[in-house]
Each structure stands twice: as C-alpha cells, then as structure tokens.
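Have a look at the structure below before the remarks.
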Amino acid sequence: MADAIEQKRAGIGDHAQALLMRGLYRLIPRLPLRASYFIARALSALLVRLLSRQRKTVLGNLEVAFGSSLGEDEKNRIARSMADNMIKSFFECLYLASPFRGRIEGKAVLEGKEHLDRALARGKGVIAVSAHFGNFINLGSFMVRAHYPFHMVLRDPPSEPIARVFRFFRRKAGQQWISTTPSAQCQRRILSCLRSNGIICIIADEYRRHGGIPVDFFGHPVPTAAGPALLSLRTGAALLPLFVVRQQDDTHRVVIDPPLAYEPTGNRDADIRNLTALFTERIEHYVRRYPAQWWWTNRRWRGISRGDKHYRG
C-alpha cells in the first residue's frame, strides 16, 4: 500500500521537473557530444555552489569515509568531479534514448566478460552487484548492446511524472528492467529471469533501514541490502561484481569481476552476512580507487557516531 501511495505523488514541482527532462531530451542529443559535455561541466560547477544542502551531505560523507587523509581542497575537487559525472551520465542517457544514439554507442568496452560467460555457462543465471558508480544509469544499455540477457532491478522515483519519464528513457534506450514494486511480482520476475539463465543487476550500496545486514563500509557498520546474498544462496546463481568506470576521455569501461568465491557453511545467517560483506568490500574497493565516480549524495552512513558528533548524512 505504501508503494502505491508513493507512486501517486504528482505535485506541481514534479510535473515541472518532468517537463524539464523532456525538454532536455529534445535538445541535448541534437548537440555534438563535446558541446553537451561543456554544458555538463558548467552546470555541475553551478550546482555544487548553489545546492548547499547536497554539498554538505557530499562533504560529510567524504569526511566519514576518508577523515583527515584527504584535505578540504581534495574533497571539494571530488565533489565537483562527481557532479560533473552525474550530469554527463544523464546526458548520455538522453543520447542513448534518442535517434542520435550513434554519437554515444561504441563508447563502452567490456573488460572481464570471460568471467560473466563462464558464470552463465553454469546455467543457473547470474546476480550482478553494482553501485551508484560511474555511468551506472546506462549499464543496462551497455550490456544489452553487448547481447547479454541483462535486467536491472530498479526502484522508480516516488514522483509518478518523473518515474514515467525515466521509464520512457529506458524503453527508448533498449534497457530491460524489473521494478521493485510490487515486491511479490518483483520476486517472481527475478526468479523467472534466473531460471532462464538471465542476468539480474542489483544496485546494492544504499542505506537499508529495514531488513539490512550490518557490515563494514569504510570502517563503519552500516545496514546493507541482503537481497543479493539471499538470492544467490537460494538459487545457486553466481554473485558477480560489475562496475562502469568513466575514463578521462569520457569513454567507459564496464569492469566485470570474477564471481565471489564463497562456500556456504550451512549456517544461513552467517552465510548471508559473509556474502553481503564480500560484495560490500568490492564496492568499497572501487570507491577507494575511483573516489570521484561514486555518487556521494548517497546517505550511506545515516545515524553513525563520529567522535562527539552524530552524523545524519
């Protein structure tokens, strides 16, 4: 019932944002990529200055993760680069959803596809685990264009007008996805996809207030979605980390790691916790290696204590 109520939200601001996104969809893909990237850089610099609340969240998250090991100038540089990547990724989504998709196609290469192919050869499907990292919003497009039976598991925004726009973009970009609501239908579709030896991808780096498993992320225990581990243990599907890394020239590497090596112990709770910790470690590895590519707007450390302060995110 809560999901249904959420999806009915459609205020004036929601309609205005949806209208703006549709306007950008008609404008941005008609521009050369270089021009759209120039606009993205200008917008990101402006938004970092204007959106003080979001900037505070980003800098607070960086403080929790890195502490004094990063100076203030470096944290601000990461914040600006992150905003730049977010807007570029959205613009690239517009290209892929438009008749001008040829301007962006071919800019993503798969690295480690042999790991995915071997996992699929087992015939039990694959659970890909990713994060709000790099150009993850176009991951579904990149994988479908590489001829994989790839489905993103996605939660739509609570605003119905905005959710409609995102669904339109995904369809036009050729993505396949499974909505998280209603939950019973989501579970059926996930299991059906795995039984047919398909790939589902779960974004697993969000704060999970209900049903989360506390595992360490940058040295702090945070509630983490147990869904990927539960599904892998239930179905025997390989659990495989996968990330989109933006390069300096704005091409993308879709990095496919080997499946997580784990032998179930028979202790269900321990197995779920251990598997959840393993994929969270891989997410942290990539965030540490490419800190400007994780979306630090994610309120990952809500409620943790930091010295004499209580960090809300």
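Pick out, from the range 131-230, the helices (runs of 4 or more DSSP H) lying fully within it that include 1 or more residues that are of a type outside the set (G, A, S) and touching a Phe, Trp or Tyr at 6+ places or on another chain (Cβ under 8 Å).
Values: elements: 139-145, 160-172, 183-195.
In the range 131-230, 139-145, 160-172 are the helices (runs of 4 or more DSSP H) which contain 1 or more residues that are of a type outside the set (G, A, S) and touching a Phe, Trp or Tyr at 6+ places or on another chain (Cβ under 8 Å).
Among the candidates R145, R155, R188, R167, which residue alone is surrounded by fewer than 17 Cβ atoms within 10 Å (Cβ to Cβ), farther than 20 Å from A229 by Cα and charged (D, E, K, R)?
Only one candidate qualifies: R167.
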- Note on the structure: Checked the range 45-66 for anything closer than 14 Å to R77 by Cα and touching a strand residue (DSSP E or B) at 6+ places or on another chain (Cβ under 7 Å); matches are none
- Failed condition for P264, given (1) in a loop (DSSP other than H, G, I, E, B); (2) out of contact with any Leu (no Cβ under 7 Å at 6 or more places or on another chain); (3) farther than 27 Å from V48 by Cβ, with all others met? (2)
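Being buried (at least 18 other Cβ atoms within 10 Å of the Cβ), over 21 Å from F166 (Cα atoms), out of contact with any Phe, Trp or Tyr (no Cβ under 9 Å at 6 or more places or on another chain) and not polar (S, T, N, Q) narrows it down to one residue among R34, R55; which is it?
On the way: R34 fails: buried (at least 18 other Cβ atoms within 10 Å of the Cβ).
Matching residue, one of R34, R55: R55.
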- Item | Which numbered condition G106 fails, given (1) surrounded by fewer than 19 Cβ atoms within 10 Å (Cβ to Cβ); (2) under 27 Å from P221 (Cα atoms) | (2)
- Segments classed as helices (runs of 4 or more DSSP H), wholly inside the range 1-114, with at least 1 members that are over 29 Å from E284 (Cβ atoms), among the aliphatic types (A, V, I, L, M) and at pLDDT 95 or above: 12-27, 33-50, 72-96
- Query: Does the range 259-272 hold any residues that are within 20 Å of I203 (Cβ to Cβ) and in contact (Cβ under 8 Å) with a residue 40 or more places away in the chain, and which are they?
  - Reply: P259, I272
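The values are calculated or read from the model by the stated rules, or taken from the named source; none is laboratory data. Keep in mind that what you see is a predicted model, and the values were worked out from it rather than measured. Note that each Cβ is placed from the backbone with ideal geometry, even for glycine, and that neighbours are counted across all protein chains shown.
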